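What follows is a single structure, written as structure tokens, with notes after it.
Please treat every number below as a calculation from the coordinates, not as lab data. Worth saying up front: this structure is predicted, and the values here are computed from it rather than measured. Using ideal geometry, Cβ is built from the backbone for each residue, glycine included, and neighbour counts are taken over all protein chains shown.
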Amino acid sequence: MSGNYPSDYPRSRAEAIAALRMVRDEDIDFSEIPETTNFSDWTPVGEKFKKAAERNLAALNERMHIKKENSVMGKYIYVDNSNVWIEGKYHSAVEKGMVAEISEAHENRICDMGWAYDFQKLKEIVCDGNLSDVKRAVLYGSCPPENESLWNAARKAGFEVFNPQRNAQNKEKRVDTGLIKEICKDLYKGIIRDIDEIILVVGDSDYAPVAEAIKDEKKKYTLAFWDNVAEIMKENSAKFINLNLHIKQFEKI
């Protein structure tokens, strides 16, 4: 064995394997592991050792990238399109002076029938402008409108679109229950991690069980909606984004 071999290094293959088995992730400074290394100038080293070193370095780099990816927060967005759009028409009527108060708008059914919103701009607002860490964006709407261009616009903005038919009473309960199912699926299957941000763009109290489920799983959610959102949803949220403050910003022109 070479005299340059450090005295505190393992002296045999068995000792080396035993030493490696004791190494924990926290014992390794992954930041100093190079992504590429040229082993050609390792002249005193045998070819077998060079190949082993290359394989081990590749494995460490893969592990390092996995650790990095797992430490980055992801965003999961869930939008009730009908909630946002229908309520937005009433708030737009108030914003444009068609009626004085939101309560009066609802009572007298005064709304801005031409109001619509831009899916991409809504997404940017609820993500504070940073879309790079969005892992999933789900949008539920109902048919009608049987307007494929509308849903295609949502898909183009990066949303998974679900548009179930209304029930026999022309109600949209399948929208609520469908979106709840998608949230709970991600929540209970471990897709959403503790470091991830859940963003709910919903407004009515039908989603209160979801808020409780998120809380029971020791996770938090950001709520984005109009200022007349169901109080129980707002109370349980870690952060509230008031869409009234952005109504001009994300209105579809």
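Worth pointing out:
- Cleavage-rule hits, trypsin sites (Lys or Arg not before Pro), the range 194-237, DSSP coil, Cβ neighbours within 10 Å at most 14: Lys218
- Of the trypsin sites (Lys or Arg not before Pro) found in the range 92-147, those in coil by DSSP whose Cβ has at most 10 other Cβ atoms within 10 Å are Arg109.
- Applied to the range 78-88, the Karplus parametrisation 6.51 cos²θ - 1.76 cosθ + 1.60 on θ = phi - 60° returns per-residue 3J(HN,Hα) values of 10, 10, 8, 4, 5, 3, 5, 5, 4, 5, x Hz, with x for Gly and Pro.
- Label point distance in nm, Cys184-His106, each placed 7 Å from Cα along Cα→Cβ: 2.6
- Close amide H contacts of Asp196 (hydrogens built in the peptide plane, cut-off under 5 Å, sequence separation of 5 or more or a different chain): Gly74.
- Rounded, prolate or oblate (a/c below 1.5 giving rounded, otherwise prolate when a/b exceeds b/c) for the range 96-253 by Cα gyration tensor: rounded
- For Asp112, the residues whose amide H sits under 5 Å from its own are Tyr90, Ser92, Ala93, ignoring neighbours fewer than 5 places away on the same chain, with H placed 1.01 Å from N.
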